[in-house]
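Novice: One structure coming up, written as structure tokens, with questions to follow.
The values are calculated or read from the model by the stated rules, or taken from the named source; none is laboratory data. Nothing here was measured: the structure is a model prediction, and the numbers come from that model. Because the Cβ atoms are built from the backbone with ideal geometry, glycine has one as well, and the counts that use them run over all protein chains shown.
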Amino acid sequence: MSIPTESIGSIPRPPQLLEALSEYSAGRLSITQLNNCYDEALRDTIQKLEATGSPIISDGEQSKSSFATYALHGLDNLDNDGVVINFADGHSRQLPKLTAGPFKYAINAGSYLKAAKRFTSLPLKQAVISASALSLIYPQAGIDGYPQEKFIQDLILGTVADIRSCLDQGAHCVQIDFTEARLALKLDPSGQLLNQFITLNNQVLSHFTAIERQQIGIHSCPGGDHDSTHSADVDYAGLLPSLFQLNAGNFYLQLASEPEPETVLANIKAHKRSDQRVFIGVIDVLNSDVESPELVRDRVLQAAEFIPLNALGTTDDCGFSPFADDESTARETAFEKIKARVIGTKLAAEKLKL
């Protein structure tokens, strides 16, 4: 037995792609030329991920403008003045707002997986956005002729189809990005909003068999954008009991940047179900220093004191560039950190005689 290790998802885009996106926005590049740039970035990303020794790879979200809103790209029933998410360093991100029904996905994540399969024979992981995150695009004032109840029905069916599109393309695993979980507790310390999110996401998961749910995971972190977070001040102790109520087989949890990792690990031990695997974050993506394999090894060994070895995996705290314009981490630094995670995880497995 070895210790599985997986990336969260996003890799900083190469400068050539960022320049192409700027040229396309200015009308100086055709969609065909832009797609060629996407393909080159995807090919290079997969090649470099393979070179790290990663057993499971992804597309690095190279052709997503945002991990959160890829499914909405091209829809004509949206405005730009949606929910604002504030980060600790003072910058913010704003979600779009739905202006009319019905809601539908413009793009399914399975299309990204299909594109990535052209460049690798290794198992592929695909990240998708949670139904709870997309639920925030419905306006508080409502929409005439399209009640929130109908929107939620359409949202659930759309999210199920999004996940299903990845499984149908042969995804090794599908990761649901639930980065708004901790934020929900910051916005509503009573936990009511978080519980609503948990219920909604479980409604999505109920459409899959027990075996399929073992291929589906939940990623949670305090948000990571331009080396800042939106909810790192929220204690994990308030989140984990509810988080593990989600009926998924895998959990990808930020941990490397936590000030008291042992306390978090004790909470994981107390609330994790026996059929759930936890991939602990051993790479701090907000810190430009590259972790040594030995540091990663020691973080894994610490986690092994709390989590059974058959339920333990490693990952990065968050994606390195969940929004295309986030250049806070150098592309090569991201690959170096991933390589350190892969090697360090192997060192831990050897130490544990696995």
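Novice: Answer yes or no as to whether residue 106 is crowded, with 16+ Cβ neighbours inside 10 Å and closer than 20 Å to residue 68 by Cα. First the steps, then the outcome.
Specialist: Working: crowded, with 16+ Cβ neighbours inside 10 Å: no; closer than 20 Å to residue 68 by Cα: yes.
Spelling it out, it is not the case that residue 106 is crowded, with 16+ Cβ neighbours inside 10 Å and closer than 20 Å to residue 68 by Cα.
Novice: Give me the pairs: first residue in the range 199-226 and surrounded by fewer than 16 Cβ atoms within 10 Å (Cβ to Cβ), second residue assigned to a loop (DSSP other than H, G, I, E, B), beta-carbon distance under 7 Å, and six or more apart or on different chains, which are they?
Specialist: 202/246; 202/247
Novice: Could you please give the count of residues in the range 77-135 that are under 27 Å from residue 52 (Cβ atoms) and charged (D, E, K, R)?
Specialist: Within the range 77-135, residues that are under 27 Å from residue 52 (Cβ atoms) and charged (D, E, K, R) number 4.
Novice: Assess whether residue 278 counts as being assigned to a strand (DSSP E or B) and under 20 Å from residue 237 (Cα atoms). Steps first, please.
Specialist: Values: assigned to a strand (DSSP E or B): yes; under 20 Å from residue 237 (Cα atoms): yes.
Against the criterion (assigned to a strand (DSSP E or B) and under 20 Å from residue 237 (Cα atoms)), residue 278 qualifies.
Novice: Taking residue 114 as the residue in question, decide whether it is touching a Gly at 6+ places or on another chain (Cβ under 8 Å), of a type outside the set (Asp, Glu), surrounded by fewer than 21 Cβ atoms within 10 Å (Cβ to Cβ) and free of Cβ contacts under 8 Å to residues at least 60 places away in the same chain. Spell out how you get there, then give the answer.
Specialist: On the way: touching a Gly at 6+ places or on another chain (Cβ under 8 Å): no; of a type outside the set (Asp, Glu): yes; surrounded by fewer than 21 Cβ atoms within 10 Å (Cβ to Cβ): yes; free of Cβ contacts under 8 Å to residues at least 60 places away in the same chain: yes.
So residue 114 does not fit the description; no.
Novice: Can you report the number of residues in the range 237-261 which are in contact (Cβ under 8 Å) with a residue 12 or more places away in the chain, closer than 16 Å to residue 286 by Cβ and either among the basic types (Lys, Arg) or not in a strand (DSSP E or B) (or both)?
Specialist: 6
Novice: Let me ask you something else. Do you know which of the residues in the range 227-258 that are out of contact with any strand residue (DSSP E or B) (no Cβ under 7 Å at 6 or more places or on another chain) and closer than 21 Å to residue 329 by Cα is surrounded by the most Cβ atoms within 10 Å (Cβ to Cβ)?
Specialist: 229
Novice: Is it the case that the range 157-164 has a residue that's over 23 Å from residue 124 (Cβ atoms), in a helix (DSSP H, G or I) and modelled with pLDDT of 95 or more?
Specialist: Taking the range 157-164 first, the residues over 23 Å from residue 124 (Cβ atoms) are 157.
Restricting the remaining residues to those that are in a helix (DSSP H, G or I) gives 157.
With modelled with pLDDT of 95 or more added as a condition, the list becomes 157.
Looking through the range 157-164, at least one residue is over 23 Å from residue 124 (Cβ atoms), in a helix (DSSP H, G or I) and modelled with pLDDT of 95 or more.
Novice: Consider the range 279-295. How many of its residues are within 20 Å of residue 223 (Cβ to Cβ) and either surrounded by fewer than 19 Cβ atoms within 10 Å (Cβ to Cβ) or free of Cβ contacts under 8 Å to residues at least 40 places away in the same chain (or both)? Talk me through it step by step, then tell me what you get.
Specialist: The first filter runs over the range 279-295 and keeps only residues within 20 Å of residue 223 (Cβ to Cβ), leaving 279-288.
Filter again for either surrounded by fewer than 19 Cβ atoms within 10 Å (Cβ to Cβ) or free of Cβ contacts under 8 Å to residues at least 40 places away in the same chain (or both), leaving 280, 284, 287-288.
So the count comes out to 4.
Novice: Moving to a separate point now. Under 8 Å between Cβ atoms, which residue pairs at least 6 apart in sequence (or on different chains) link something in the range 13-41 that is modelled with pLDDT of 95 or more with a partner that is exposed (fewer than 14 other Cβ atoms within 10 Å of the Cβ)?
Specialist: 37/16; 40/16; 41/16
Novice: Shifting gears a bit: Check whether at least one residue in the range 303-311 is in a helix (DSSP H, G or I), touching a Gly at 6+ places or on another chain (Cβ under 9 Å) and either buried (at least 16 other Cβ atoms within 10 Å of the Cβ) or modelled with pLDDT of 95 or more (or both), and report yes or no.
Specialist: Step one: filter the range 303-311 for residues in a helix (DSSP H, G or I), giving 303-304, 309-311.
Narrowing further to those that are touching a Gly at 6+ places or on another chain (Cβ under 9 Å): none.
No.
Novice: Further, regarding this structure: Considering 25, 30, 63, 58, which residue is small (Gly, Ala, Ser) and closer than 26 Å to residue 293 by Cα?
Specialist: On the way: 25 fails: closer than 26 Å to residue 293 by Cα; 30 fails: closer than 26 Å to residue 293 by Cα; 63 fails: closer than 26 Å to residue 293 by Cα.
Just a single option satisfies the conditions, and that option is 58.
Novice: With respect to residue 230, is the statement that it is assigned to a loop (DSSP other than H, G, I, E, B) and not β-branched (Val, Ile, Thr) true?
Specialist: On the way: assigned to a loop (DSSP other than H, G, I, E, B): yes; not β-branched (Val, Ile, Thr): yes.
Spelling it out, residue 230 is indeed assigned to a loop (DSSP other than H, G, I, E, B) and not β-branched (Val, Ile, Thr).
Novice: Scan the range 124-150 for residues that are touching a Phe, Trp or Tyr at 6+ places or on another chain (Cβ under 8 Å), over 30 Å from residue 58 (Cβ atoms) and in a helix (DSSP H, G or I) and report the count.
Specialist: 1
Novice: For the subset of the range 180-195 comprising residues that are without any contact (Cβ under 8 Å) to a residue 12 or more places away in the chain and among the polar types (S, T, N, Q), which member is surrounded by the most Cβ atoms within 10 Å (Cβ to Cβ)?
Specialist: Only one residue fits best here, namely 192.
Novice: Here's another thing I want to ask about it. Residue under question is residue 135, and the condition is that it be crowded, with 16+ Cβ neighbours inside 10 Å, among the hydroxyl-bearing types (Ser, Thr, Tyr) and closer than 23 Å to residue 98 by Cα; does it hold?
Specialist: yes
Novice: Can you name the residue in the range 64-85 that is outside any loop (DSSP other than H, G, I, E, B) and small (Gly, Ala, Ser) and is also surrounded by the fewest Cβ atoms within 10 Å (Cβ to Cβ) among such residues?
Specialist: 66
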